[in-house]
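Visitor: Just passing along the structure, written as C-alpha cells.
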Amino acid sequence: MSHDSYPMRVMDAAEHGLTLPAAPLRYGSGGKVPARRDGLAKVTGAALYAADRQAEALLHAAFATAPVARGRVVALDTQAALAHPGVVQVYTPANRPPLAQHPDEKRHPFNFRHEALQDDTIRYAGQPIAMVLAETPEAAAEGARLLAPEIAAEPPRVDHDAGTPWQPEMVGFFAPAQAEVGDVARGLAEAEQVVEVEIETPDQFHNAMEPHAILARWEGPEKLLLDTPNQGPVMIAGLVAGYLGLPEGAVEIRTPFIGGGFGSKLMIYGAMILTALAARDLGRPVKTVLSRAQMYGPVGHRAGTRQRLRLGIGSGGRLTALDHEVTALASSFEDFVEPSGHASQHLYAVPNLAMRHSARRVDRGTPVAMRAPGEASGSAALEVAMDVAAEAAGLDPLAFRLSNYAETDPATGRPFSSKALRECYAAGAEAFGWAGRPAARMGRDAEGRLIGWGMGTSQYMCTMYRGEARVKVHADGTASAAIAGVDMGQGAWTILAQCAAEGLSMDPERLRLTSGSSVLPDGAVAGGSGHTATAGMAASEAGRNAVEQLISLATADPASPLFGAGNSGVVARDGRLSRADDPSRGESYSEVLARAGLAEVEGQGVGERVQAHREGYAMFSHGAVFAEVAIDPELAQMRVTRMVGAFACGRILNPRMVQSQLEGGLIWGLSFALHEEAQYDPATGRILNADLAGYHVPAHADIPQLTTLTVAEEDPYVNALGVKGVGEVGITGSAGAIANAIRHATGFTPTRFPIRIEDVLAHL
Amino acid sequence: MTLRLIINGQAQEIALPDSRLTLLDLLRDHLQLTGAKKGCDRGQCGACTVLVNGRRVTGCLTLAATLEGAEVLTIEGLSSGADLHPMQQAFLDHDALQCGFCTPGQIMSAVALMAEGETGADPDRVREALSGNLCRCGAHPGIVAAVCSVLGEQG
Ligand code: FES
Ligand code: FES
C-alpha cells in the first residue's frame, strides 16, 4: 500500500487547522468503507497532541493542590519556591492577575464554575491552590512541592449521609428534575406485585488516557492561540475570551487530535484560564500538563447516586407503574446533577411513570457529563430492577421486556421516529444463543465455575445541535471541506469527510478535510453522541449547496450539454452532472468550472433538526446487550466471558468505526459493572485511589470476546442523514446485563456498583 | 553529564540538562520524539512504552542517566517513510485505535511480544501480556486482533 501523498509528520503547523487527505486503506468487501484519515499519523507517532507541542522560550506550569477537601489555605512558602533555580513566578490568590469574569460567575451552561485562584477557600481535595511557572517541568514541579501549604482544615462533607440536601429544579443540561405521567401511587396500589430495588453507584472519573494539557501563546494583545484537547473548540474559545476580557474571535483553540474526552474536555477549568493569563502576564508561551492525580477533581467526574426503583406488575407481566427516585451527589459550588432518572422514562410501556431527583452537596470537585451522563447509571439500576420484576412475574427477562415493549414514548406519548428494538432483541438473542439459557443458579462450566447469563436494553437519545460547514469544489476536480470538527477517537476526521463527499456526490478519496481549529466553521460540540448528526449533516448540506451552484452554472450556460435542463432536471453522480432524462448527456464538475472560468465554487451548509420533527417524535438509539459471566464458586472472582450487543442506530455511515464505538461502549458498561470507583477518605475527603493503579479502568485481560451487530433502521425524521448516535448507547444496557448475569448465576441482587467480590461471596 | 545513546539507530551524545530527567521526558522534551506519550508518569498506563536494548520499558520509570550506551527504539524509529512495520499496518487493518493516545505504547509493547515469544497468537495470552498497556477508548478487541494477526504470521 502506498502512503506517498500522506503527511508522515504532522508537525506544529502554523496554519489554522490541519488538512488530511483520505487514508489509502478501505475496509469491507468491495473496499467501500474508508479507514481513519488520522490512522497513519497515530500509528507512526506523527500525530501531535497538545502536550507534544513545543514553543520558543516556553515556560512550564505546575500546580500545588489542596490536601484536604474543606478549609482554607493559611500560608504558602512562595519564597522557597521562588528561590528554586528555574522558578520564574508563583501565582496565588494574592497576586494572580485580574480576570474579566469571576470564575464563579455563570454566563453559559457550559461555563462551569471553577478555581482560578480567586480566594483561599478549599472546596475539594486536589483543588489547585497555587501555580508555579518555571523554565523546566522539573523545576516547576519542585517549586510546587516547596510551597508546602499550611491549611486550616474543616471536617469535610464527603458522602451521601454527610451531604447537605438540596432540591435542584433542573438536572443534567436543562432536563426537569421531576416528572409524572398518570398516577404512580395508584399504579402501584393496583399492581399484583410490587418490586423495589435500591442501588448505589459511585463517583467515576473520565480518565481519558491523555491528561488535560494547554499550550498558550499570545500572538498579539488580542490574539491568543491555545493548543488544547477540546470537545467544543468554538464554544469554549468564546467562553475563554470572556474570562480574559477579549473580543469575540480573539481566541483560537487548536485541537486536531484529542486523546479521549468522554465529557471531561467539554468544560472550562481553572488551568485553562490560568495558563492563558500567565502567558499574557509573563510575555512568554506557557505549557500546563495536568498530572494524572490532578485529573481527579478539577476536570469533572460522573457523580455517585443512590437510586430507588419501584415497579408495579399486573396481569400478564405488564408493568402498571414505574417510579424512579434518584439522589445524586453534587459539589458545593456548581449545580450539575446526574440525570439518572431520565433513563427509565422512555423505554418500557407503563401507564403510570415518574421520576424524582434530589441532590446532596458534598466537598468534592464538581461533577460534569461523562459518557452517557445519567443514562449509564440510571440504566444500570433500571435493568437490574427489570430482572427482579421479570422473576417476580415468572417470565424470562427477554420475554418480560417484550411484554412491556413501548410502541410510543411512555413519557410524552409521541411516536418514535424509528425504533428497531424488537429486531435488536431478536438478533442479539440469536447471536448469543439466549434460547439455551440455563436455569437460574444451575449454570456450570467445565472448571466448575458458576455461569450466569443476563441481558439489558440499551437506549440513548438522539442529540442534535446547530453546526456549520464549508465545502469547495476545485477546478482540478478535487474538493475540500472545512469544519471545526472534533475527533476524540470516534472518527470525525473520516466520517465528516464522507458526509461532505456524499453531499457532493463525489468519492471521499478526492476530498481533503481541514479541521481541528476553532477558526473554522463551527461544527458544534462533540458530546451527547450528536456530532456526526450535526457536523456531518452540515458537511453534507454544504456539499449539496456547492453542487447546486455547479448545476446553476451549467444549466444557464448555452455551451453546456445541460443547458436549459433546469435544476431539478440534473443529476449529480461521482463528480459529474448529467441530464435526468438522458444520462448520456453531461459533464464533470471541473468542466463546468473551467468553462465558467472559476477556480472553485464554495458551498455552505447547516446541520440542525427540523423543529416540527423535534416536537413530533421521540428519537432514540436502541440496543439489546447479552452477557455471560463465570464466577469462581469459592473466591467469587467474576469474569465476563462474552458479550453480544445488537444495536439500532439509524443509518450506519462507517460500519468499521461504528463497531469500534459500540465495542467501546460495551467495555465501559463492563467497567461500570465490575471495576470503576473513586474511593474517598472520610477524614480528609481525599480520593484514595487517584491514579491508574488504584482506579481500575479495564485492562486487556478484563475484556472478553465481544460481538456487536447493527440492525437496519431507516429514520426520515431524526435528521437529513438518518443517523443516530453510537458513542454512548453501548454503555446503557451493558452494565445491567452483567449485573443480571451475576444475579442469574448466584441469586444475588446487587445493591451497589461496582459489584464486589465480597458482596457476591456472602451469597454463594 | 554527557550520555551516549543509540536512539532509533542513530548514535547520539546528549548533554543531560537535569539528572532528574526520565527517558520519557528526554525523548519528548529534548529530542522531539513525542510519539511515546505520558499518560500517568507512574508506570501505570504503558503509554510511554519504548524498547531499551530490545526490552519494553516504561519510559516514565526509567531515569535517562542510567542508560549509558543503551539502544532505544521508539515508535518513530519503527518504520521509515511509507514502509510501515507489520504491527503498525495491522493496527490500521484492524482499526485498533480510536483516540490514538495509547497507540504508540500498545504498538511498541506488541513489537516486544514478537521477540518475547511467550504468547503465540493465543488471544488470552496476548491479553495477559498486553495488560500493562491501558486503553480508555475501548479499542481492546481491535488491538488484540491486530497483534494476534501479526503473531500468527510469525508462526
Ligand atoms: S506514562 Fe509511563 S506508564 Fe504511564
Ligand atoms: S485509543 Fe484512546 S486510549 Fe486507546
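Visitor: Does the range A:64-77 contain at least one residue that is modelled with pLDDT of 95 or more, under 30 Å from residue A:681 (Cβ atoms) and of a type in the set (Lys, Arg)? Spell out how you get there, then give the answer.
Guide: Going through the range A:64-77, the residues modelled with pLDDT of 95 or more turn out to be A:64-77.
With the extra rule that they be under 30 Å from residue A:681 (Cβ atoms), the set shrinks to A:64-77.
When the remaining residues are screened for being of a type in the set (Lys, Arg), the result is A:70, A:72.
For the range A:64-77, residues modelled with pLDDT of 95 or more, under 30 Å from residue A:681 (Cβ atoms) and of a type in the set (Lys, Arg): present.
Visitor: So in the range A:81-94, with the set limited to residues that are open to solvent by less than 30 Å² (accessible area, probe 1.4 Å) and not in a loop (DSSP other than H, G, I, E, B), which one is farthest from residue A:133 (Cα to Cα)?
Guide: Looking at the filtered set, the residue picked out is A:81.
Visitor: Report yes if some residue within the range A:305-325 is under 30 Å from residue A:68 (Cα atoms), in contact with a helix residue (DSSP H, G or I) (Cβ under 9 Å, 6 or more places away or on another chain) and surrounded by fewer than 24 Cβ atoms within 10 Å (Cβ to Cβ); otherwise report no.
Guide: Restricting attention to the range A:305-325, the residues satisfying the condition of being under 30 Å from residue A:68 (Cα atoms) are A:305-307.
In the following step, the residues that additionally are in contact with a helix residue (DSSP H, G or I) (Cβ under 9 Å, 6 or more places away or on another chain) were identified as A:305, A:307.
Going one step further and asking which of them are surrounded by fewer than 24 Cβ atoms within 10 Å (Cβ to Cβ), we end up with none.
Checked the range A:305-325: no residue is under 30 Å from residue A:68 (Cα atoms), in contact with a helix residue (DSSP H, G or I) (Cβ under 9 Å, 6 or more places away or on another chain) and surrounded by fewer than 24 Cβ atoms within 10 Å (Cβ to Cβ).
Visitor: So the check is Cβ under 8 Å with 6+ separation or different chains; which pairs have a first residue in the range A:685-709 that's more than 10 Å from chain B (Cβ to nearest Cβ) and a second one that's open to solvent by 10 Å² or more (accessible area, probe 1.4 Å) and hydroxyl-bearing (Ser, Thr, Tyr)?
Guide: A:686/A:680; A:687/A:680; A:688/A:680
Visitor: Moving on. Report whether or not residue B:99 is farther than 21 Å from residue B:8 by Cα, within 16 Å of ligand 1 (Cβ to nearest atom), more than 14 Å from the chain's Cα centre (by Cα) and open to solvent by less than 30 Å² (accessible area, probe 1.4 Å). Steps first, answer last, please.
Guide: Numbers: farther than 21 Å from residue B:8 by Cα: yes; within 16 Å of ligand 1 (Cβ to nearest atom): yes; more than 14 Å from the chain's Cα centre (by Cα): yes; open to solvent by less than 30 Å² (accessible area, probe 1.4 Å): yes.
Against the criterion (farther than 21 Å from residue B:8 by Cα, within 16 Å of ligand 1 (Cβ to nearest atom), more than 14 Å from the chain's Cα centre (by Cα) and open to solvent by less than 30 Å² (accessible area, probe 1.4 Å)), residue B:99 qualifies.
Visitor: Same structure, new question: Hey, can you tell me all the residues within the range A:133-168 that are among the aliphatic types (A, V, I, L, M), more than 32 Å from the chain's Cα centre (by Cα), buried (at least 17 other Cβ atoms within 10 Å of the Cβ) and within 16 Å of residue A:87 (Cβ to Cβ)? Talk me through it step by step, then tell me what you get.
Guide: Residues of the range A:133-168 among the aliphatic types (A, V, I, L, M): A:133-134, A:139-141, A:144, A:146-148, A:151-153, A:158, A:162.
Narrowing the set further to residues that are more than 32 Å from the chain's Cα centre (by Cα) leaves A:133-134, A:139-140, A:144, A:146-148, A:151-153.
Going one step further and asking which of them are buried (at least 17 other Cβ atoms within 10 Å of the Cβ), we end up with A:133-134, A:139-140, A:144, A:146-147, A:151, A:153.
A:133, A:134, A:139, A:140, A:144, A:146, A:147 - these are the residues of the range A:133-168 that are among the aliphatic types (A, V, I, L, M), more than 32 Å from the chain's Cα centre (by Cα), buried (at least 17 other Cβ atoms within 10 Å of the Cβ) and within 16 Å of residue A:87 (Cβ to Cβ).
Visitor: Here's another thing I want to ask about it. Kindly check whether there is at least one residue in the range B:66-83 that is in contact with a Ser or Thr (Cβ under 9 Å, 6 or more places away or on another chain) and within 16 Å of ligand 1 (Cβ to nearest atom).
Guide: yes
Visitor: Please verify whether residue A:293 is of a type in the set (A, V, I, L, M, F, W, C), surrounded by fewer than 22 Cβ atoms within 10 Å (Cβ to Cβ) and within 16 Å of ligand 1 (Cβ to nearest atom), treating the condition exactly as stated. Step through it out loud before you land on a result.
Guide: Working: of a type in the set (A, V, I, L, M, F, W, C): yes; surrounded by fewer than 22 Cβ atoms within 10 Å (Cβ to Cβ): yes; within 16 Å of ligand 1 (Cβ to nearest atom): yes.
Yes: the conditions hold for residue A:293.
Visitor: Is there a residue in the range A:339-348 that is crowded, with 24+ Cβ neighbours inside 10 Å, farther than 20 Å from residue A:187 by Cα and at pLDDT 95 or above?
Guide: Scanning the range A:339-348, I find at least one residue that is crowded, with 24+ Cβ neighbours inside 10 Å, farther than 20 Å from residue A:187 by Cα and at pLDDT 95 or above, so the answer is yes.
Visitor: Let me ask something else. Just checking, does the range B:48-61 include any residue being open to solvent by 50 Å² or more (accessible area, probe 1.4 Å), hydrophobic (A, V, I, L, M, F, W, C) and within 13 Å of ligand 1 (Cβ to nearest atom)?
Guide: Yes: one or more hits.
Visitor: Among the listed residues B:48, B:99, B:60, identify the single one that is at the interface with another protein chain (Cβ under 7 Å from one of its Cβ atoms), touching a residue at least 12 places away in the same chain (Cβ under 8 Å) and out of contact with any His (no Cβ under 8 Å at 6 or more places or on another chain). Working first, answer last.
Guide: Values: B:48 fails: at the interface with another protein chain (Cβ under 7 Å from one of its Cβ atoms); B:60 fails: at the interface with another protein chain (Cβ under 7 Å from one of its Cβ atoms).
Of the residues listed, the single one that is at the interface with another protein chain (Cβ under 7 Å from one of its Cβ atoms), touching a residue at least 12 places away in the same chain (Cβ under 8 Å) and out of contact with any His (no Cβ under 8 Å at 6 or more places or on another chain) is B:99.
Visitor: Considering only residues that are of a type in the set (Gly, Ala, Ser) and within 30 Å of residue A:602 (Cα to Cα), which ones fall in the range A:417-471? Spell out how you get there, then give the answer.
Guide: Pass one, the range A:417-471, residues of a type in the set (Gly, Ala, Ser): A:417-418, A:420, A:426-429, A:431, A:433, A:435-436, A:439-440, A:443, A:446, A:448, A:452, A:454, A:456, A:458, A:467, A:469.
Scanning the range A:417-471 gives A:467, A:469.
Visitor: Yes or no: the range A:460-475 includes at least one residue that is among the basic types (Lys, Arg), in contact with a Pro (Cβ under 8 Å, 6 or more places away or on another chain) and open to solvent by 30 Å² or more (accessible area, probe 1.4 Å). First the steps, then the outcome.
Guide: Just the residues of the range A:460-475 that are among the basic types (Lys, Arg), to begin with: A:466, A:470, A:472.
From what's left, in contact with a Pro (Cβ under 8 Å, 6 or more places away or on another chain): A:470.
Checking which are open to solvent by 30 Å² or more (accessible area, probe 1.4 Å) leaves us with A:470.
Checked the range A:460-475: at least one residue is among the basic types (Lys, Arg), in contact with a Pro (Cβ under 8 Å, 6 or more places away or on another chain) and open to solvent by 30 Å² or more (accessible area, probe 1.4 Å).
Visitor: May I pose another question? Considering every residue within the range A:571-585, establish whether at least one is surrounded by fewer than 24 Cβ atoms within 10 Å (Cβ to Cβ) and β-branched (Val, Ile, Thr). Spell out the reasoning first.
Guide: Step one: of the range A:571-585, the residues surrounded by fewer than 24 Cβ atoms within 10 Å (Cβ to Cβ) are A:571-576, A:578-585.
Now drop any that are not β-branched (Val, Ile, Thr), which leaves A:571.
Yes, that holds for at least one residue.
Visitor: Out of B:129, B:146, B:121, report the one residue that is outside the structural domain of residue B:30 (by TED's automatic domain parsing), crowded, with 17+ Cβ neighbours inside 10 Å and more than 15 Å from ligand 2 (Cβ to nearest atom).
Guide: B:129
Visitor: Let me ask something additional. I'm trying to understand the selection: among the residues of the range B:63-74, which are more than 9 Å from chain A (Cβ to nearest Cβ) and open to solvent by less than 10 Å² (accessible area, probe 1.4 Å)?
Guide: Within the range B:63-74, B:64, B:70, B:72 qualify.
Visitor: While we're looking at this one, here's another question. Just give me the residues in the range B:1-25 being open to solvent by less than 40 Å² (accessible area, probe 1.4 Å), touching a residue at least 12 places away in the same chain (Cβ under 8 Å) and more than 13 Å from ligand 1 (Cβ to nearest atom), in sequence order.
Guide: If the condition is that a residue be open to solvent by less than 40 Å² (accessible area, probe 1.4 Å), touching a residue at least 12 places away in the same chain (Cβ under 8 Å) and more than 13 Å from ligand 1 (Cβ to nearest atom), then B:3, B:5, B:7, B:14, B:16, B:21 are the ones that fit.
Visitor: How about the range B:75-96: which of its residues are in contact with a helix residue (DSSP H, G or I) (Cβ under 6 Å, 6 or more places away or on another chain), in contact (Cβ under 8 Å) with a residue 24 or more places away in the chain and facing chain A (nearest Cβ under 7 Å)?
Guide: Correct list: B:75, B:91, B:95.
The values are calculated or read from the model by the stated rules, or taken from the named source; none is laboratory data. Computed from a prediction, not measured in an experiment: that's the story for all the values here. Don't worry about glycine lacking a Cβ; one is built from the backbone with ideal geometry, like all the others, and counts go over all protein chains shown. Note: areas computed on protein heavy atoms with side chains; ligands, DNA, RNA excluded. Shrake-Rupley method; radii C 1.70, N 1.55, O 1.52, S 1.80 Å.
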